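Undergrad: One structure is given below, represented as structure tokens, and several questions about it will come after.
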Amino acid sequence: MSASVILQTVSFLIAAMALMFSLWQARSAANQSREAAKQASAAAYSVKQAAAQTLLHHGTDFAFQGLAGNPQLLAWFLGSRGMPAGTHDVHQRYMFIWVRLDVHQASFRAARQNALDQEEWEEWLRTIEMDVQLPEFPTVWKCVKNLYSGAFVQLIDKMLGGAGEPALATELIRDVASQEVERRSRNS
């Protein structure tokens, strides 16, 4: 074998190894890019969740700190939102239900974003069902339902049975939970 054939063979092997190394580097770079995109998406989701939580806490904290201890201000505030006049105790119950609605919608959104597992979501639906059965709930809901997302309004309206009265929620909970599982599986 001549020196030129050996040199060509060695050169070919080195070029092949360089090409393989280059392919490996490109694959590693692609994997790193995918991972960076996942991390950026997770960070964006975290910022979005933090903003939603801040908004929720700001609203609920204001309601309790600024309104609950001031009967005249609470009566004015609720009246400006269309709620009927009542005693201070009644107004506090209205405000409590309204704050609970904010918490329920936050939980509903978390479930829709797969931040709650199925069991947690079903448990929270039972909590919503109990709140919907409060005597003051339909009054508050009628006045504030336009402040909530369409999907959440549909959920509460179903629980109220469309007539402003609490529906039998056991079947509804199963129905909504199974719809949520279907939606999650389609989005996965």
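The values are calculated or read from the model by the stated rules, or taken from the named source; none is laboratory data. Since this is a predicted model, take the numbers as computed values, not measurements. Every residue, glycine as well, gets a Cβ built from its backbone with ideal geometry; the counts of neighbours run over all protein chains shown.
Undergrad: Limited to the stretch 111-141, what total is found for residues that are within 17 Å of Val99 (Cα to Cα) and either in contact with a His (Cβ under 8 Å, 6 or more places away or on another chain) or touching a residue at least 60 places away in the same chain (Cβ under 8 Å) (or both)?
TA: 4
Undergrad: For the stretch 152-166, does any single residue satisfy the condition of being surrounded by 12 or more Cβ atoms within 10 Å (Cβ to Cβ), small (Gly, Ala, Ser), modelled with pLDDT under 90 and not in a helix (DSSP H, G or I)?
TA: yes
Undergrad: Please tell me if Ala110 is at pLDDT below 90 and within 27 Å of Ala85 (Cα to Cα).
TA: Values: at pLDDT below 90: yes; within 27 Å of Ala85 (Cα to Cα): no.
No: the conditions fail for Ala110.
Undergrad: So Phe64 ticks every box in (1) in a helix (DSSP H, G or I); (2) out of contact with any Phe, Trp or Tyr (no Cβ under 6 Å at 6 or more places or on another chain); (3) surrounded by 13 or more Cβ atoms within 10 Å (Cβ to Cβ); (4) at pLDDT 75 or above but one. Which box is left unticked?
TA: Looking at each condition in turn, Phe64 falls short on (4).
Undergrad: Does Val132 qualify as being surrounded by 14 or more Cβ atoms within 10 Å (Cβ to Cβ) and at pLDDT 90 or above? Walk me through how you get there before you give the answer.
TA: Details: surrounded by 14 or more Cβ atoms within 10 Å (Cβ to Cβ): yes; at pLDDT 90 or above: yes.
Considered against the rule, which asks whether it is surrounded by 14 or more Cβ atoms within 10 Å (Cβ to Cβ) and at pLDDT 90 or above, Val132 comes out as yes.
Undergrad: Can you pull out the residues in the stretch 95-134 that are among the small types (Gly, Ala, Ser) and farther than 14 Å from Leu155 by Cα?
TA: Of the stretch 95-134, the ones among the small types (Gly, Ala, Ser) are 106-107, 110-111, 115.
Result: Ala110, Ala115.
Undergrad: Hey, another quick one. For the stretch 142-154, give me the residue count where each residue is without any contact (Cβ under 8 Å) to a residue 40 or more places away in the chain and more than 26 Å from Gly86 (Cβ to Cβ).
TA: Residues that pass the stated criteria total 2.
Undergrad: Being modelled with pLDDT under 85, surrounded by 10 or more Cβ atoms within 10 Å (Cβ to Cβ) and of a type in the set (A, V, I, L, M) is true for just one of Leu23, Leu78. Which residue is that? Talk me through it step by step, then tell me what you get.
TA: Details: Leu78 fails: modelled with pLDDT under 85.
Going through Leu23, Leu78 in turn, the sole match is Leu23.
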